Amino acid sequence: MGKIGKSSIEFDIKPRISAAASVVGQKEGEGPLGSLFDKIITDPMAGKKTWEESESEFQRLVVELLLEKSGLGKKDIRYIFAGDLLGQLIATSFGIAEYEIPFFGLYGACSTMGESLSLAAMTVAAGYADNVIAMTSSHFASAEKQFRFPLDYGNQRPLCATWTVTGAGGVILSGGDSSGNCVTGITTGKIVDYGIQDSFNMGAAMAPAACDVIYNHFMDFETGPEDYDAIYTGDLGSVGHQILIDLLEKKGFDVSKVHHDCGMEIYDADSQDTHAGGSGCGCSAVTLCAHILKELDNGDFKRVLFIPTGALLSTISFNEGKTVPGIAHAVVIEHL
């Protein structure tokens, strides 16, 4: 395992993605990727009494599916790296408690899947674990309740707003055989703040952080857009997508031909009324697990740069007039 440049690691022992699972809500199941998800739950409450309990159930089901797909038991999993958008990570802690697996709780806003993948890959590559779960989730109703307005308020959303994905996605990273879909490198992002204060315009808040980590990744690995079949950001939406392209062009890189955004692909922009696209921790997680990894499996992609993006705000910071800083983490996934 070797450090590269200022913020990257290239793995000598390349952790393998031995299983992936995705569970989504009805709206996500009706979108363009609907046929690819492992499980679609049409009841937004998932049979529970609260939105938060519902999101926990999504996470519980992902772990159940991962163990079933991999043939592993809970005792075979060394650690879980996971998180969500809710205060004190309650969706995760209540969702996975029954599995009794050692747990690292993470918060990187909507970049959490990139953070969990990065830390899980480092742990496996360093030999500290044979099998590690990286996972995250979000829920439209629990996120709206915490960050914006109660659903029954019925506020009008501006066109730059995104729709929080109801879903959870996770992978098992394993040591040993480096074949199939493997994490071959990471670039860790830093907090970037362009002074955005509009809590509905997450794309504008996160795009500068995505630009920064992509640029640093290109510098550290001495690569460019042409070295990747696809560059996937997490949830910039249509607004942040264009900002990212413009910012990188000013730095000398044209990513317009290879850039995709999970938030733009999970919903149908014309028929599903999500405005700028999808967002939330679950957005990049379920798109990775249901779509991107399958494109790698079938040979359409060979090398992907996966960059979950996050907006680091809380209701407290926003109500105190603070700006919305961004964060993004880059993960290289290759089919070997």
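Just so it is clear, none of the values below were taken in a lab; they were calculated from the coordinates. All figures in this text were calculated on a predicted structure; none of them were measured in a lab. Glycine also receives a Cβ, built like all others from the backbone with ideal geometry; neighbour counts cover every protein chain displayed.
FRET efficiency for the ILE90 to GLN242 pair, using the beta carbon distance and R₀ = 35 Å, is estimated at 0.50.
Which distance in nm do the two modelled labels at GLU98 and THR323 give, with both placed 7 Å along the Cα-to-Cβ direction? The modelled label-to-label distance comes out at 4.5 nm. Count neighbours as other Cβ atoms within 10 Å of each site's Cβ, and list the chymotrypsin sites (Phe, Trp or Tyr not before Pro) in the range 78-137 that are DSSP loop with at most 12 such neighbours. Filter output for the range 78-137: TYR128. Taking every alpha-carbon pair under 8 Å whose residues sit at least 6 apart, the chain reaches a relative contact order of 25 percent.
Near the amide H of GLY185, under 5 Å away, which other amide H atoms are found, from residues 5 or more places off or on another chain, if H is placed in the peptide plane? Close amide H contacts, sequence-distant or interchain: PHE11, VAL332. Each Lys and Arg Cβ is given +1 and each Asp and Glu Cβ -1; about its Cα centre, the range 181-335 then shows a dipole of about 380 debye. Close amide H partners of PHE103, meaning residues 5 or more places away or on another chain with modelled amide H under 5 Å apart, are ILE80. TRP51: net charge of surrounding residues, Cβ under 10 Å, Lys/Arg +1, Asp/Glu -1, itself excluded? Counting the neighbours of TRP51, the net charge comes to -1. For Rg and Dmax of the Cα atoms in Å, the candidate list reads (1) 26.4, 106; (2) 18.1, 53; (3) 27.0, 87; the entry that matches the value derived from this model is (2). Spin-label model, MET219/GLU68: points 7 Å from Cα along the beta carbon direction are separated by 4.6 nm. When the C-alpha to C-alpha distance is required to be over 29 Å, the pairs from LYS27/LYS322; LYS27/LYS48; LYS3/LYS69; LYS49/LYS294; LYS39/LYS302 that qualify are LYS27/LYS322; LYS3/LYS69; LYS49/LYS294.
Placing a label point 7 Å from the Cα of ASP130 along the Cα-to-Cβ direction, the residues of the range 166-198 whose backbone N falls under 17 Å of that point are 172-179. Compared with the direct C-alpha span, the chain from LYS302 to SER35 gains 93.9 nm at full extension, assuming 0.36 nm per residue. Placing pseudo-labels 7 Å out from each Cα toward the beta carbon at LYS3 and SER271 gives an inter-label distance of 5.2 nm. Available extension along the chain between LYS250 and ASP43 is 70.0 nm, counting 0.36 nm per residue and deducting the alpha carbon span.
Of all stretches in the chain that contain no trypsin sites (Lys or Arg not before Pro) in a DSSP loop with at most 12 other Cβ atoms within 10 Å, the longest one is 50-250. Per-residue 3J(HN,Hα) values for the range 115-121, derived from phi via the Karplus relation 6.51 cos²θ - 1.76 cosθ + 1.60 with θ = phi - 60°, read 5, 5, 5, 5, 5, 5, 5 Hz in sequence order (x marks Gly and Pro). Scanning residues 5 or more positions from ILE4 or on other chains, those with amide H under 5 Å from its amide H are ILE9, GLU10, with H placed 1.01 Å from N in the peptide plane. Per-residue Karplus couplings for the range 136-146, computed as 6.51 cos²θ - 1.76 cosθ + 1.60 with θ equal to phi - 60°, are listed in order as 7, 7, 7, 8, 3, 6, 5, 5, 4, 4, 7 Hz, Gly and Pro entered as x.
Taken over the range 210-336, the alpha-carbon convex hull comes to 122 cubic angstrom per residue. Can you give the longest run of the chain that contains no GluC sites (Glu not before Pro) sitting in a DSSP loop with at most 11 other Cβ atoms inside 10 Å? With a cap of 11 other Cβ atoms within 10 Å, the longest stretch comes to 101-221.
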